[in-house]
Structures are given as structure tokens and as C-alpha cells.
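All remarks here apply to the structure that follows.
The values are calculated or read from the model by the stated rules, or taken from the named source; none is laboratory data. Since we're looking at a predicted model, the values are computed, not measured. Cβ atoms come from the backbone with ideal geometry, glycine included; neighbour counts cover every protein chain shown.
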Amino acid sequence: MVVTKEKMEAWLRRILGVDKVKLGLLDYIARIPRVKDLTDVASGTPVLVRGDLDCKPGAKVGEGDIRLRSMKETLEIGRSRGWIQVIFGHIGRDPQLSLDKVCKRLGEILGCEIKFISDWFDPANLTIRPELVEAIKAAKPGDFILLENTRKYDIERVLWKAKPADIPNLAEKLAKVANEFAEKVARVYVHEAFSAGSLDTSSVVVPAAMDKVALGEYAYGEFSGPLADCLNAQLVISSGLKIDKLDDLQAMIDRGKIRWVFTAGSLAMGLIKAAYQLEGKDFCIGVQEDPAHKDQPYYIPPERVEQAKKMIAEGRQKGIQFVMPVDFVLQDGRVASTLGPQDQQFDVGPATLDLFEKKIGEFLEWAKTLNEPAIAFHNGVFGKFEDPRFEAGTKRFMAQLKRMKDAGVRVYVGGGEGGKALELYGQPDWVTHNFTAGGTVLNALGSEPVPFLVALEMAATKSF
Ligand SMILES: Nc1ncnc2c1ncn2[C@@H]1O[C@H](COP(=O)(O)OP(=O)(O)O)[C@@H](O)[C@H]1O
Ligand SMILES: O=C(OP(=O)(O)O)[C@H](O)COP(=O)(O)O
């Protein structure tokens with residue numbers, strides 16, 4: 001399907017959330033075909049696969065390549081059907097980063113040579129280079145081609161910071177890119193990049209020009225299984241650096257199942273301040289509330305404190321317990337229960353961990369009163385854990401995940417830094433499931449839809 005500028009404008013209005021359609025996670029999953037459903041795609045057909053390639057493969061298969069292994073089932077389905085699969089995707093945020101090692105490892109996982117195309121796009125003319133067109137022509141049924149890092153080209157990143165006013169300017173260029181892919185690469189698109197939750201052109205624009213789209217088997221399984229289960233979580237541990245996770249927490253609370261909220265990390269400081277203010281008092285959160293730090297990721301503006309106050313007040317009325325840190329490890333290693341204006345917290349202190357352990361015990365008692373296993377969702381880290389001076393909180397709490405799982409709770413870890421912490425300080429079987437993505441998981445459970453699901457749903461239903 002050729003995408004006009006006008007069609008692309010309508011598409012981008014949905015992608016950037018200007019035009020909203022109220023769909024839940026399960027609606028998206030029901031409306032997007034699975035790769036298994038593409039039974040009428042003939043052998044020898046080129047199929048574009050958005051892959052989960054953002055990883056650092058270690059010395060041997062199985063090390064640092066879980067995202068690549070997660071694609072195997074989908075790629076094997078394509079190979080058994082004789083499709084010529086053109087895999088593309090990003091690695092990191094630096095446009096200079098190369099996928100050469102990823103290509104080699106994916107070849108080891110699939111047991112075959114994968115042709116690597118290092119320069120496949122002409123950014124000056126927004127066209128697909130002849131090297132790629134020739135490689136597809138020369139490929140045999142079942143072959144794989146892998147394209148260099150999509151973020152090498154600026155066009156991949158133009159929507160990251162785009163505002164609604166930019167849509168008319170971008171629509172023509174992005175329509176051209178989508179049409180180039182459909183004309184010169186493939187007219188069938190499979191998304192098997194569960195973690196690709198950003199507004200990358202490859203995952204949120206290219207599907208617009210495709211005749212057929214589908215979700216890969218791994219991504220489908222993650223959304224319809226563990227993520228669908230997390231929608232019913234009664235306990236959430238919301239921690240980490242950025243206060244905008246408050247929107248996701250609010251969305252989880254609004255769904256109505258949450259009864260326990262544990263919070264830690266720098267974002268918890270906003271909730272602590274809010275809780276004090278609700279009692280007519282105040283609590284200094286140090287540099288995190290100093291407007292001189294307003295460009296820093298840990299800064300908490302007054303409106304976020306207001307948002308947290310409303311969340312706590314309304315939540316308590318519904319019977320939700322908010323469990324918050326009571327002591328902190330500060331920048332110089334001091335443990336304190338209060339902060340001065342120049343202080344910054346980088347971890348929770350031991351009294352907080354004692355409190356959290358006691359409250360997890362209470363949660364487990366409460367969980368016994370349910371007719372079915374309780375569900376807990378853990379996101380983020382309790383401090384700047386990469387620095388050994390500030391890792392104790394994140395590290396010690398991991399044992400509570402095991403404790404809950406051992407007590408029969410279904411425990412999920414929302415990938416990202418929390419997932420790394422589990423790998424570092426725990427064992428995979430301490431939890432029910434550790435997601436291979438952070439941002440996508442929060443979006444799926446939180447306030448904003450997953451961008452690639454919005455794109456796939458529009459492409460599948462041709463509703464734009
Ligand atoms: N006070 C802090 N609390 C929590 N994380 C912090 C803090 N200071 C720095 N960080 C860092 O922020 C990152 C976590 O950020 P966040 O956006 O929550 O990540 P994710 O959502 O991927 O878990 C970690 O790298 C952590 O070390
Ligand atoms: O690692 C990723 O996501 P995650 O850090 O949210 O798990 C993805 O590759 C997305 O990367 P991006 O956040 O640079 O778009």
C-alpha cells in the first residue's frame with residue numbers, strides 16, 4: 001500500500017498520541033496477527049523482521065544474547081516457510097555502534113551464515129541503497145540478511161522528540177521512507193523486538209506501508225502470558241530514578257487491583273514528601289527539589305509532589321498501603337533519616353530494608369486470604385547500585401522476591417535495571433519471570449501504550 005503524506009499525518013497523530021484510541025493491552029494483542037498466522041506468505045517472499053538486537057553477546061552462545069535467542073522461534077518459522085528474512089533493528093543509543101558482533105552471534109544461534117549489509121540506506125535521498133536490493137535478489141529461500149544499526153541514520157530518530165506541530169513537516173519524509181521499504185525490501189513485516197519501546201521509525205512508521213504485519217511468537221507470548229498476568233498484580237514495587245514512573249504507577253492503581261505499593265529509589269522521595277504534606281508537615285528531599293537541579297533526571301518538580309499527594313490520598317481511601325523508605329544512604333555514605341538542602345540520597349538505609357521485610361511478611365499473610373496465588377510486579381532499583389557504596393538496598397531486597405515466590409506468589413521483574421540487579425544478586429528461579437525489556441513492560445502496564453503495538457494495530461486493521 002502506497003502511503004500518502006496525508007495518510008502519514010494521520011498515522012503520526014496516532015503514534016504521537018494526538019489522536020487517542022482507547023485500547024487496552026489485550027485489545028492490541030487480539031487485533032494483531034501472529035507470525036504463525038501468515039500461512040499464505042509464499043516461499044521466496046522477502047519478509048522484513050524488526051529484531052531485538054540491542055545486546056552485548058558474550059564469549060559464547062547463552063551469554064548476553066537472551067534477546068537474540070528470544071527471536072529464534074519466529075526466525076525458524078520464517079526459515080521453514082522459505083521466506084527471505086531481512087532483519088533490522090538498533091543497538092544502544094550511539095549511532096556509531098555496529099551490529100557486526102550481533103550478526104555473528106545470531107548466525108551461531110541459527111547455525112548458518114547471515115549476510116551483513118553495513119550501509120543500506122542513503123540518508124541524502126531517503127532511499128534504500130542498491131546493495132540491499134541486490135542482496136535480496138541474490139538470496140535463496142530460507143536465507144537471512146541483517147542490516148546495520150538502524151540508528152546509524154538520523155531518520156530513525158526523528159520522532160523521539162517530535163511535537164504535534166512537527167507532524168506536517170515530517171509526514172512527507174516518513175511516507176517516503178515507508179514506501180521505499182515496501183517497494184524495495186518487503187511488503188510483509190514481522191515485529192519480534194519486544195524491548196523496542198521507543199519511537200524508532202523502523203518500528204512505528206515502516207509498518208504503515210506494509211500489506212501484512214504480524215507480531216513475533218516471543219513478543220506475542222510475553223504480552224499474552226506474563227504481561228497479561230501483571231495487569232492483575234496486587235503488589236507493585238516501583239523504584240528507580242525518574243519521577244515520571246509516577247504516571248505508570250497511577251495507571252496500575254487505576255486498574256483497581258493494586259493493594260500494596262512499595263516505593264524506593266530517587267522517585268520515592270516525591271512520594272515521601274507528598275505523604276508528609278498530607279499530614280500538614282514537610283520533608284526536605286535535598287537537591288532533588290532544588291530548582292538549580294531542574295535539568296537533572298532526579299529532579300522532582302512541585303507538580304509531581306501534588307500528583308503523588310492525590311495518588312496517596314485517593315489510594316489510601318481505597319485501602320491501598322504505601323510503604324516508603326524511612327532512612328537513606330547519602331552522597332558521602334552517611335546513613336540518615338532526614339536530608340539537608342544540599343544532600344542527595346543514593347540508596348535506602350537498613351531501617352527501610354527492615355521495614356520492607358516486615359511489610360512483605362504482612363503482604364504474605366494477606367495473600368493467604370486470597371483464593372488464588374497473589375501477583376507481584378517489581379520495577380527499578382533502590383539506588384545507584386552500580387556503585388558498591390550504594391548497592392546494599394537493591395541487593396538485600398532481592399531475597400524478598402525469592403521469599404514471595406517461595407510462598408507461592410507469582411513474581412515478575414520488569415526487565416531494565418531491576419532485571420540486571422536480579423542477574424547480579426539473585427538467581428533466575430527466584431522469580432516467576434524476568435522480562436527482557438524494561439520500557440516496553442512499563443508502557444504495557446502503565447499510562448502510555450506501547451508504540452509498536454499502536455503501529456501494528458493500525459497496520460493490521462488499516463485504520464488510519
Ligand atoms: N537514587 C537513585 N535511585 C535509583 N536509581 C538511581 C539513583 N541514582 C542513580 N540511579 C540510577 O538510575 C538507574 C535506574 O534508572 P531507571 O530509569 O529507574 O531505570 P530502569 O527503569 O531501567 O530500572 C540505575 O542505573 C541507577 O543506578
Ligand atoms: O534496551 C532497551 O530497552 P530497556 O532498557 O527499556 O529494556 C531497548 O533496546 C530500547 O532501547 P532504547 O531505550 O534506547 O529505545
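Restricting to the range 378-410, and then to whatever is β-branched (V, I, T) and within 12 Å of ligand 1 (Cβ to nearest atom), can you tell me which residue is farthest from T352 (Cα to Cα)? Let's see the steps before the verdict.
Going through the range 378-410, the residues β-branched (V, I, T) turn out to be 381, 394, 409.
Those left that are additionally within 12 Å of ligand 1 (Cβ to nearest atom): 381, 394.
Numbers: V381: 14, T394: 11 Å.
If we take residues in the range 378-410 being β-branched (V, I, T) and within 12 Å of ligand 1 (Cβ to nearest atom), then V381 is farthest from T352 (Cα to Cα).
Looking across the range 213-226, just one residue is touching a Phe, Trp or Tyr at 6+ places or on another chain (Cβ under 7 Å) and not in a helix (DSSP H, G or I), and that is V213.
Which one is nearest to the chain's Cα centre (by Cα), of the residues in the range 433-460 that are among the hydroxyl-bearing types (S, T, Y) and closer than 18 Å to R67 by Cα?
Quick first cut of the range 433-460, residues among the hydroxyl-bearing types (S, T, Y) only: 436, 440, 447.
Now drop any that are not closer than 18 Å to R67 by Cα, which leaves 436, 440.
Details: T436: 8, T440: 2 Å.
Checking each candidate, the answer is T440.
The set of residues in the range 358-404 being within 25 Å of F328 (Cβ to Cβ) and among the polar types (S, T, N, Q) consists of N379, T394, Q400. Take the conditions touching a residue at least 12 places away in the same chain (Cβ under 8 Å), assigned to a loop (DSSP other than H, G, I, E, B) and surrounded by 19 or more Cβ atoms within 10 Å (Cβ to Cβ) and apply them to L159. Does it pass? It is true that L159 is touching a residue at least 12 places away in the same chain (Cβ under 8 Å), assigned to a loop (DSSP other than H, G, I, E, B) and surrounded by 19 or more Cβ atoms within 10 Å (Cβ to Cβ). Quick check on this structure: which one of E192, E180, E172 is over 14 Å from I15 (Cα atoms), buried (at least 24 other Cβ atoms within 10 Å of the Cβ) and charged (D, E, K, R)? That would be E192, the only listed residue that is over 14 Å from I15 (Cα atoms), buried (at least 24 other Cβ atoms within 10 Å of the Cβ) and charged (D, E, K, R). For the range 174-202, the set of residues classified as more than 16 Å from ligand 1 (Cβ to nearest atom) and either outside any helix (DSSP H, G or I) or outside the structural domain of A139 (by TED's automatic domain parsing) (or both) consists of V185, A186, R187, V188, Y189, V190, H191, E192, A193, L199, D200, listed by residue number.
Residues D387, D354: which one is surrounded by fewer than 21 Cβ atoms within 10 Å (Cβ to Cβ), in contact (Cβ under 8 Å) with a residue 24 or more places away in the chain and closer than 20 Å to A268 by Cα?
Details: D354 fails: in contact (Cβ under 8 Å) with a residue 24 or more places away in the chain.
Unique residue meeting the criteria: D387.
Please tell me if T461 is within 13 Å of ligand 2 (Cβ to nearest atom) and of a type in the set (S, T, Y). Judged against the criteria, T461 is not a match.
Taking the stated definitions as given, is D37 away from ligand 2 (no atom under 16 Å from the Cβ), surrounded by fewer than 18 Cβ atoms within 10 Å (Cβ to Cβ), in contact (Cβ under 8 Å) with a residue 60 or more places away in the chain and over 25 Å from L174 (Cβ atoms)? I'd like the intermediate steps shown before the answer.
Values: away from ligand 2 (no atom under 16 Å from the Cβ): yes; surrounded by fewer than 18 Cβ atoms within 10 Å (Cβ to Cβ): yes; in contact (Cβ under 8 Å) with a residue 60 or more places away in the chain: yes; over 25 Å from L174 (Cβ atoms): yes.
When the stated conditions are applied, D37 passes them.
One residue alone among P373, P297 is under 18 Å from I237 (Cβ atoms) and not in a helix (DSSP H, G or I), and that residue is P373.
Looking at the range 6-17 only, could you name the residues that are of a type outside the set (F, W, Y) and surrounded by 14 or more Cβ atoms within 10 Å (Cβ to Cβ)?
Of all residues in the range 6-17, those of a type outside the set (F, W, Y) come to 6-10, 12-17.
Result: K7, M8, E9, A10, L12, R13, R14, I15, L16.
Between L241, L227, L235, L249, which is in contact with a Pro (Cβ under 7 Å, 6 or more places away or on another chain) and either more than 19 Å from Y298 (Cα to Cα) or within 16 Å of ligand 1 (Cβ to nearest atom) (or both)? Break it down into steps so the answer makes sense when it comes.
On the way: L227 fails: in contact with a Pro (Cβ under 7 Å, 6 or more places away or on another chain); L235 fails: in contact with a Pro (Cβ under 7 Å, 6 or more places away or on another chain); L249 fails: in contact with a Pro (Cβ under 7 Å, 6 or more places away or on another chain).
Result of the check over L241, L227, L235, L249: L241.
Considering the range 101-122, the residues that are in contact (Cβ under 8 Å) with a residue 40 or more places away in the chain and buried (at least 17 other Cβ atoms within 10 Å of the Cβ) include one that is farthest from V177 (Cα to Cα), namely I109. Within the range 344-370, being in a loop (DSSP other than H, G, I, E, B) and in contact with an Asp or Glu (Cβ under 9 Å, 6 or more places away or on another chain) holds for one residue alone: G349.
Only one of the numbered conditions (1) on the phi < 0 side of the Ramachandran plot; (2) within 16 Å of ligand 2 (Cβ to nearest atom) is not met by G380, and that is (1).
Residue check: A374 meets all listed conditions (1) crowded, with 23+ Cβ neighbours inside 10 Å; (2) within 16 Å of ligand 1 (Cβ to nearest atom) but one, namely (2).
Would you mind finding the one in R304, R316 that is away from ligand 2 (no atom under 16 Å from the Cβ), loosely packed, with under 14 Cβ neighbours inside 10 Å and either among the aromatic types (F, W, Y) or assigned by TED's automatic domain parsing to the domain that holds K242 (or both)? Talk me through it step by step, then tell me what you get.
Values: R304 fails: loosely packed, with under 14 Cβ neighbours inside 10 Å.
None of the other options fit; the residue is R316.
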